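To keep things clear, I will list the structure first and then write my remarks on it.
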Amino acid sequence: MQSLLVDKKLAFRNGFGRLVRIRRTEIGLTQEGLAFETGLDRTYVSGIERGRRNPTLTVIAILAEGLKTTASELLQGLEKEAKNGL
C-alpha cells in the first residue's frame with residue numbers, strides 16, 4: 001500500500017513537471033526566463049520540471065502567472081499525465 005502511495009506522489013510530481021515544461025516551451029521561455037518572471041530560483045524551476053520538487057499551491061499560482069495562464073489551466077490534464085507516468 002505504501003509503495004502505491006509513493007508511486008502516485010512521484011507520478012503526480014513528474015506529470016506536473018511535464019505540464020510546466022510543455023507550457024514554458026510553448027510560450028518560448030527558458031527555465032532562466034521563467035525563474036526571472038516568477039522570482040523563483042532557476043534550480044527550483046528545474047527541480048519542479050524534473051519532478052524532484054513538490055510545489056505548494058502558492059508556487060503553482062506563481063508559476064501559472066509566469067506562464068501566462070491560470071493555475072486551473074496549468075493543472076488541466078494532470079491526472080492523465082500522472083497515469084501515463086505509472
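No lab work stands behind these numbers, since they all come straight from the coordinates. Computed from a predicted model, the values in this text were never measured in an experiment. Don't worry about glycine lacking a Cβ; one is built from the backbone with ideal geometry, like all the others, and counts go over all protein chains shown.
Taking the stretch 30-48, which residues are within 14 Å of residue 64 (Cβ to Cβ) and assigned to a helix (DSSP H, G or I)? Those that are within 14 Å of residue 64 (Cβ to Cβ) and assigned to a helix (DSSP H, G or I): 34, 37, 38, 45, 48. Residues that are of a type in the set (Lys, Arg) and surrounded by fewer than 18 Cβ atoms within 10 Å (Cβ to Cβ) within the stretch 1-51 comprise 8, 9, 21, 42, 50, listed in sequence order. Residue 5 meets all of the listed conditions (1) without any contact (Cβ under 8 Å) to a residue 12 or more places away in the chain; (2) outside any helix (DSSP H, G or I); (3) not basic (Lys, Arg) but one, namely (2).
Can you go through 59, 20 and tell me which one is closer than 15 Å to residue 71 by Cα and touching a Lys or Arg at 6+ places or on another chain (Cβ under 9 Å)?
59
Residue count for the stretch 48-84, restricted to those that are within 11 Å of residue 16 (Cα to Cα), of a type in the set (Gly, Ala, Ser) and out of contact with any Leu (no Cβ under 7 Å at 6 or more places or on another chain): 1. Identify the residue in the stretch 49-66 that is part of a helix (DSSP H, G or I) and touching a Ser or Thr at 6+ places or on another chain (Cβ under 9 Å) and, among all such residues, is nearest to residue 9 (Cα to Cα). Among those that are part of a helix (DSSP H, G or I) and touching a Ser or Thr at 6+ places or on another chain (Cβ under 9 Å), it is 59.
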